[in-house]
1. Report, in whole Å, the centroid distance computed from the Cα atoms of the stretch 136-179 and the stretch 44-110.
2. Treating the stretch 5-118 as a set of equal point scatterers at the Cα positions, no solvent, please give the Debye-formula log₁₀ I(q)/I(0) at q = 0.15, 0.23 Å⁻¹.
3. Computed on alpha carbon atoms, what radius of gyration and Dmax characterise the stretch 113-223, expressed in Å?
4. Tell me which DSSP H helices of the chain clear both cut-offs, 20 Å or more of axial length from alpha-carbon atoms and a mean Kyte-Doolittle hydropathy of at least -0.5.
5. If you wrap a convex hull around the alpha carbons of the chain, what volume per residue comes out, as a whole number of Å³?
6. Hey, can you rank 148-159, 179-190 by average C-beta count inside 10 Å, highest first?
7. Label points 7 Å out from Cα along the Cβ direction at residue 206 and residue 91: separation in nm?
8. Taking neighbour counts of Cβ atoms within 10 Å as a proxy for exposure, in what order, fewest first, do 97, 75, 16 appear?
Amino acid sequence: MGYFWAIAEPFVQVCMLGFILQLSGRTAIANIPIALFLSISILPFQFIFKKMLTQISAAVNANKALLSYQPVHPMDPVIARILIELALFLISYVVIMLFMLWLGFDAIPSDLLGLLGACALLAIFSIGLGLMACVAQSYYQDAKKIIDMLARPLFFISGIFYAGTSIPQQYWYLFSWNPIFQAIELSRDSFFAVYTTPIASWSYLTLCAVISFGLGLVLFYVNRQRFLTS
């Protein structure tokens with residue numbers, strides 16, 4: 001049932017948000033049908049950012065017993081979680097897009113490589129944050145609560161139910177700093193031929209991903225012995 005809910009959860013979110021937006025009289029956002037728009041927004045946020053952050057941060061603590069075996073290293077459960085979450089993301093993405101095609105939506109990306117690139121950069125960025133959160137939890141057990149509290153507002157400021165083109169130009173700088181918003185915007189830009197993001201930048205998202213991943217790896221490596229003794 002866990003794998004069923006992994007697909008059902010974002011599907012329910014799309015239905016609920018789509019229903020709320022349609023009640024307000026909106027049937028499309030940036031000339032994109034609401035159901036398809038929300039699917040492309042929620043799937044990367046839910047499966048890549050949120051799942052990577054929460055699962056990687058708890059990977060070591062949840063598998064403490066395995067670390068007593070000499071061949072098992074602290075990075076092993078982290079790699080396992082990364083592979084599982086990426087596989088779930090790809091399966092869920094394909095299943096939901098096939099369902100959208102069955103409903104009659106044009107759910108075929110116009111630039112598949114661009115879409116994969118945006119998702120890959122978001123994954124690298126999220127893995128780095130997850131590694132840093134994992135280290136933080138080894139020092140302070142309640143760090144998970146603080147991380148969850150800080151991550152929750154990101155759902156509302158990462159462009160899940162609105163596009164960059166709907167934001168007045170004088171406020172673009174308030175959103176351009178957010179790598180998650182940038183990744184979702186670039187995903188839309190790559191998926192829909194009718195949409196061009198006015199805010200997102202490949203170079204900025206790449207820089208954020210490299211810095212996050214590099215810093216996460218360094219902190220995890222420096223504290224690797226702490227995971228075995230704490």
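1. Measuring centre to centre over Cα atoms gives 20 Å.
2. -0.74, -1.29
3. Considering the stretch 113-223 through its Cα atoms, Rg and Dmax are 15.3, 48 Å.
4. Values: long enough: 2-23 (31 Å, 1.37); 75-103 (42 Å, 2.09); 112-139 (41 Å, 1.94); 202-222 (30 Å, 1.88).
Once both thresholds are applied, what remains is 2-23, 75-103, 112-139, 202-222.
5. Convex hull volume per residue, Cα atoms: 133 Å³.
6. Answer by packing, highest mean first, reads 179-190, 148-159.
7. 3.3
8. Starting with the residue having the fewest Cβ neighbours, the order is 16, 75, 97.
Only the coordinates and a few stated rules stand behind these numbers; no lab work does. Note that this is a predicted model, so its numbers are computed, not measured. Quick reminder, even Gly has a Cβ in these numbers, built from the backbone with ideal geometry, and neighbours come from all protein chains shown.
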